[in-house]
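Only the coordinates and a few stated rules stand behind these numbers; no lab work does. A quick note: this is a predicted structure, and the numbers were derived from the prediction, not measured. Glycine also receives a Cβ, built like all others from the backbone with ideal geometry; neighbour counts cover every protein chain displayed.
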Amino acid sequence: MTHYVVIGGGIIGSAIARELGLRGTGKVTVLEKESSVGRHASGRNSGVIHSGINQKPGSVKARMCVEGNRRLREYCVKHAVPMQECGTLVVARQESELPVLDKLLAMGRECGVPGLTIIGNSELKEREPLANGKAALFSPTGAVVDSPALLKAVVADAQAQGVRYRYVHRVNGIKGTNISTTQGDINGDYVINCAGLYADKVAHMMGLGREYRIIPFRGEYMEVKNTDIRSMIYQTPDLR
Ligand SMILES: Cc1cc2nc3c(=O)[nH]c(=O)nc-3n(C[C@H](O)[C@H](O)[C@H](O)COP(=O)(O)OP(=O)(O)OC[C@H]3O[C@@H](n4cnc5c(N)ncnc54)[C@H](O)[C@@H]3O)c2cc1C
């Protein structure tokens, strides 16, 4: 029986493991260095289900984003994962930003993003009383998901398909089909590198991608209490 070994139990590793489990083509093991899932980016992100308004038309990323948005929202409904379908607003604060909204509208429509409209100042005030702008691009399919809950649902789904999770198994060496972990060696016919910010290190263990190095950077969230914000509000991007 083919053995697929997925390194990393974040949303990417777990989604791939789930899909392999659903296809039923072999045994699937996820090796995770932490004692549970969601200790890295997949459990600590903003949870935005992007609608695809700023993707390059015709690109794989645009297609994945638009289709992924629809399928992920369906998945959340089916699996009772908390999600808010609040929509996205890109606000033009100055006249000079209005052409960018038109460009985003055209790009988004070409990518197949449904329901896009440009709303004027008065509709913007109705939707978002605290937002100031000349106009805004409204994308109704932008949504926010509870990302730890999503990961939990995908992991449960994968496990229901027979996928085995091995926690506290840090991969520290790969030679051919032999994977060394902190809990001993494991053999896999296919090794799938889903180690997130450590994916470069895992690739280097395989002798691949030595010219690449991931450079992480830190960001900060601010919490705003008792403020009437109803959707995701973005400033007009610089499309250059
Ligand atoms: C602050 C922030 C906000 C974000 N907001 C959004 C957003 O709103 N919308 C959106 O779509 N995306 C967002 N992202 C991006 C998104 O979170 C990531 O793209 C996604 O979570 C990556 O998933 P992953 O499975 O590749 O990585 P991770 O979640 O990092 O998972 C990798 C896993 O691999 C494990 N691992 C690493 N090395 C080893 C090893 N040697 N052996 C065994 N296991 C190992 C780690 O422990 C980890 O659990 C955001 C990211 C950040 C940081």
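At-a-glance table
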read-out: On Cα atoms only, tilt of 98-111 relative to the major axis of the chain in degrees; value: 50
read-out: Long-range HN-HN contacts of A135 with modeled amide H, under 5 Å; value: A92
read-out: Sorted by Cβ density within 10 Å, fewest first, the residues C86, C65; value: C86, C65
read-out: Subset of K27/K201; K175/K201; K125/K225; K33/K175; K134/K225 violating a 22 Å alpha-carbon distance limit; value: K27/K201; K134/K225
read-out: DSSP-defined antiparallel bridges as percent of all bridges, the chain, nearest 5; value: 55
read-out: For the chain, size of Cβ-based charge dipole, Lys and Arg +1, Asp and Glu -1, in debye; value: 580
read-out: Spatial separation of Cα centroids for segment 190-231 and segment 1-70, in angstrom; value: 13
read-out: Phi-based couplings in Hz for segment 22-38 (Karplus 6.51, -1.76, 1.60; Gly and Pro marked x); value: 5, 6, x, 9, x, 7, 10, 10, 9, 9, 10, 6, 7, 8, 7, 8, x
read-out: Least to most buried among Y221, Y165, Y212, Y190 (fewest other Cβ within 10 Å first); value: Y221, Y212, Y190, Y165
read-out: Pairwise FRET efficiency - A80 versus S180, Cβ, R0 = 51 Å, nearest 0.05; value: 0.85
read-out: Paramagnetic label zone (point 7 Å from Cα along Cα-to-C-beta, E34; backbone N under 19 Å) in segment 187-205; value: 193-202
read-out: Per-residue HN-Hα couplings for segment 55-70 [Karplus 6.51, -1.76, 1.60; θ = phi - 60°; Hz; x = Gly/Pro]; value: 8, 6, x, x, 7, 4, 4, 5, 4, 4, 5, 5, 5, x, 4, 5
read-out: Cut-off under 5 Å, modelled amide H: who pairs with G142 long-range; value: G87, T88
read-out: Positive-end residue, the chain charge dipole about Cα centroid, Cβ charges, pick of C86, A160, N69; value: A160
read-out: Karplus (6.51, -1.76, 1.60) ³J(HN,Hα), θ = phi - 60°, over segment 172-179, in Hz, Gly and Pro reported as x; value: 10, x, 9, 10, x, 9, 9, 10
read-out: Cα shape, segment 51-143, gyration tensor, a/c 1.5 rule; value: oblate
